[in-house]
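The structure under discussion appears below in the form of structure tokens.
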Amino acid sequence: MTGAAHDFGFEHVPETDQSFENALAKARAGERLTVDDGVELITTGTDCEGIDPERKELVLEAADRRRAEMVGDEVTFVANLNNNVTTACNTGCLFCNFKNTAHLFESGSDADHGGFTKTPAESRDIVADAVEMGIYEVTSVSGLHPALVLDEEHREILESYDNPAAEVNYKPPEAYDTDPASYAEQLSAMSADGAHVHSMTPEEAHHAKRGTDWSYEEVYRRLADAGLASAPGTAAEILVPEVREVICPGKIGTDEWVAGMEGAMEAGLDVTATIMYGHVETEKHRVLHLDVVRDLQDRYGGITEFVPLSFIHQNTPLYDRGLVTGGASDDEDELMVAVARLYLDNVDHIQSSWVKFGNAKALKLLNCGADDLMGTILSEEITKRAGGGFGEFRSFDDYVDMITAIGRRPVERSTDYRTRRPIDPDDGPHGPTLGPRADGTPLLDGRRDPATADD
Ligand SMILES: C[S@@+](CC[C@H](N)C(=O)[O-])C[C@H]1O[C@@H](n2cnc3c(N)ncnc32)[C@H](O)[C@@H]1O
Ligand SMILES: Nc1c(NC[C@H](O)[C@H](O)[C@H](O)CO)[nH]c(=O)[nH]c1=O
Ligand SMILES: N[C@@H](Cc1ccc(O)cc1)C(=O)O
Ligand code: SF4
């Protein structure tokens, strides 16, 4: 257990009948690991207290070797921006400080909440400027704003309820200062200038079907028709019910998250998968989570990357209420990435998130099993609002310098990794080339701040 300040009485604790040595031998031989094997590796052995530094190095080495066998020496990254639509959300996850309670956004409220809602026109302008700079992916994850609906048909269904606010978490746009319109309109606006739109987590898809009997597949098909190109597998957190009950009781459950991801893949979309770890969970929960992801990938095969998101604790209810004393240690971050690489034998890419880890640790994690270094993102709200301070932008030159400094090869990729452009470090300055308006010109260093997007 990491920063957990309490005994939560969890059923799943890190105890096994396996030995560390056996688990390591299986990992080295490329055999498929069991949950017990994973627990032995991520704890560096349940026979000793704490993390054993020598055993840890053996696990990291095995993962680094597996990475080299699976994907070689390239380190990929994408030219993207984050354009989150709204921070209004009533779900109340205890690890999240991105959200603001939705009633603060209602017309007449003078609360200074520091959050935002964008109209489709604003989203389009922000993405259009980024596409002009050479960017080709927009990632958009948002709060579950009560006025946000899938499309106008969905709005009519929600409005037909007697008390939509209480029954289906719906309030009409007129109740709010800013109208976010529908998911379909936002996606259409964000895709209008040719960017690949990576959006609609299973939690958001659940919001986009509330009050209806539509399947996830049907919802994702409509979203794809509106401009959606792939879906982020956030909202995963820890895919074990007893942990979700503590950190996000208002969120969809594990089975529903899996059903959402299946629906996205049935609709023909690529997806990613994440884990948010380092709060109240045990090492056993982390491995059970990996098992859910591996099983999903066995059945569907559409997961392009796995992203370990280390919990940022500073400004969160979990920390304020004394449920955790901090986040994951460096050892835990390294072992999380390494065991993800070894356990997920069917997912090609493991992402190292410089937003969560900072540059130094993000680079170190590329030697522990990771092979992707995220994207340029241009702006960031989730980590920043939670108290993280690693910034919001990496230029192509930064990327090339960082990746060559650790002796690896920088490669610009598309969101789905199918298009890849190896970069010659000596042929700078570097900029994106894969976007509709990308001609290799470096991205501006003074990237835009969404608050001044109209300037
Ligand atoms: C902020 S939500 C936005 C999308 C949507 N509301 C949802 O929950 O899927 C996206 C993800 O950010 C991550 N996140 C939120 N707060 C975090 C924190 N304090 N540290 C690390 N990751 C966090 C969680 O994994 C969460 O699923
Ligand atoms: N790990 C984080 C990401 N990852 C997403 C990537 O930037 C990219 O959208 C994805 O790899 C698909 O191409 N984004 C964040 O904003 N923060 C992270 O910590
Ligand atoms: N938005 C998530 C990160 C993320 C987004 C999209 C992905 O496909 C993966 C991860 C965060 O910052 O916490
Ligand atoms: S993680 Fe998503 S659903 Fe949960 S409170 Fe934050 S924005 Fe809302």
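Structure above, values below:
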quantity	calculated
Search result, residues across segment 91-114 that are within 16 Å of ligand 3 (Cβ to nearest atom) and touching a helix residue (DSSP H, G or I) at 6+ places or on another chain (Cβ under 8 Å)	THR91, CYS93, LEU94, PHE95, CYS96, ASN97, PHE98
Per-region count, segment 108-155, residues under 14 Å from PRO173 (Cα atoms), free of Cβ contacts under 8 Å to residues at least 40 places away in the same chain, in contact with a strand residue (DSSP E or B) (Cβ under 8 Å, 6 or more places away or on another chain) and of a type outside the set (A, V, I, L, M, F, W, C)	2
So VAL287, is it within 15 Å of ligand 1 (Cβ to nearest atom), within 25 Å of LEU373 (Cα to Cα) and surrounded by 24 or more Cβ atoms within 10 Å (Cβ to Cβ)	no
Criterion violated by GLY301 - all others in (1) in contact with a Pro (Cβ under 7 Å, 6 or more places away or on another chain); (2) surrounded by fewer than 23 Cβ atoms within 10 Å (Cβ to Cβ) satisfied	(1)
Filter result (assigned to a loop (DSSP other than H, G, I, E, B) and within 16 Å of ligand 4 (Cβ to nearest atom)) within segment 96-120	CYS96, ASN97, PHE98, LYS99, THR101, HIS113, GLY114, GLY115, PHE116, LYS118
Candidates ASP47, ASP37, ASP64, filtered to the one that is touching a Phe, Trp or Tyr at 6+ places or on another chain (Cβ under 9 Å), buried (at least 16 other Cβ atoms within 10 Å of the Cβ), over 28 Å from GLY322 (Cα atoms) and charged (D, E, K, R)	ASP37
Segment 341-372 - residue that is within 15 Å of ligand 1 (Cβ to nearest atom) and small (Gly, Ala, Ser) and, of those, surrounded by the fewest Cβ atoms within 10 Å (Cβ to Cβ)	GLY358
Residue in segment 315-327 that is within 16 Å of ligand 4 (Cβ to nearest atom), among the acidic types (Asp, Glu) and more than 27 Å from VAL197 (Cβ to Cβ) present	yes
The listed residue being surrounded by fewer than 24 Cβ atoms within 10 Å (Cβ to Cβ) and at pLDDT below 95, out of ASP177, ASP129, ASP112	ASP112
ILE51 under 29 Å from GLU305 (Cβ atoms), within 16 Å of ligand 3 (Cβ to nearest atom) and in a loop (DSSP other than H, G, I, E, B)	no
Complete set of residues in segment 65-95 that are in a strand (DSSP E or B), of a type in the set (Val, Ile, Thr) and within 15 Å of ligand 4 (Cβ to nearest atom)	THR86
Every residue from segment 44-91 that is more than 18 Å from the chain's Cα centre (by Cα) and within 16 Å of ligand 1 (Cβ to nearest atom)	ALA88, ASN90
Condition met for GLU237 (within 19 Å of the chain's Cα centre (by Cα) and of a type in the set (Asp, Glu))	yes
Some residue of segment 218-235 being surrounded by 23 or more Cβ atoms within 10 Å (Cβ to Cβ) and either of a type in the set (D, E, K, R) or closer than 30 Å to GLY9 by Cα (or both)	yes
Residue check, THR376 among the polar types (S, T, N, Q), under 30 Å from ASP331 (Cβ atoms), within 13 Å of ligand 3 (Cβ to nearest atom) and buried (at least 18 other Cβ atoms within 10 Å of the Cβ)	no
Selection count where residues are away from ligand 3 (no atom under 16 Å from the Cβ), under 23 Å from GLY301 (Cβ atoms) and among the polar types (S, T, N, Q), scope segment 319-372	1
Residue within segment 201-211 that is of a type in the set (Asp, Glu), at pLDDT 95 or above and over 17 Å from VAL85 (Cα atoms) present	no
Of all residues in segment 109-144 being aliphatic (A, V, I, L, M) and within 25 Å of LYS251 (Cα to Cα), the one that is nearest to the chain's Cα centre (by Cα)	VAL141
From HIS12, HIS6, residue being within 28 Å of the chain's Cα centre (by Cα), at negative phi and surrounded by fewer than 16 Cβ atoms within 10 Å (Cβ to Cβ)	HIS6
In segment 133-178, the residues that are over 17 Å from GLU106 (Cα atoms), part of a loop (DSSP other than H, G, I, E, B) and away from ligand 3 (no atom under 16 Å from the Cβ)	GLY134, LEU150, ASP151, SER160, TYR161, ASP162, ASN163
Test: residue in segment 268-279 that is crowded, with 21+ Cβ neighbours inside 10 Å and away from ligand 2 (no atom under 16 Å from the Cβ)	no
Residue within segment 384-403 that is closer than 18 Å to THR272 by Cα, of a type in the set (Lys, Arg) and away from ligand 4 (no atom under 16 Å from the Cβ) present	no
LEU33 vs. criteria closer than 23 Å to ASP331 by Cα and in a helix (DSSP H, G or I)	no
Residue check, LEU148 modelled with pLDDT of 95 or more, in the same structural domain as GLU203 (by the TED database), buried (at least 16 other Cβ atoms within 10 Å of the Cβ) and within 13 Å of ligand 4 (Cβ to nearest atom)	yes
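The values are calculated or read from the model by the stated rules, or taken from the named source; none is laboratory data. Treat the numbers as computed from the prediction; the structure is a model and nothing was measured. In this analysis, Cβ positions are derived from the backbone assuming ideal geometry, glycine residues included, and neighbour counts consider all displayed protein chains.
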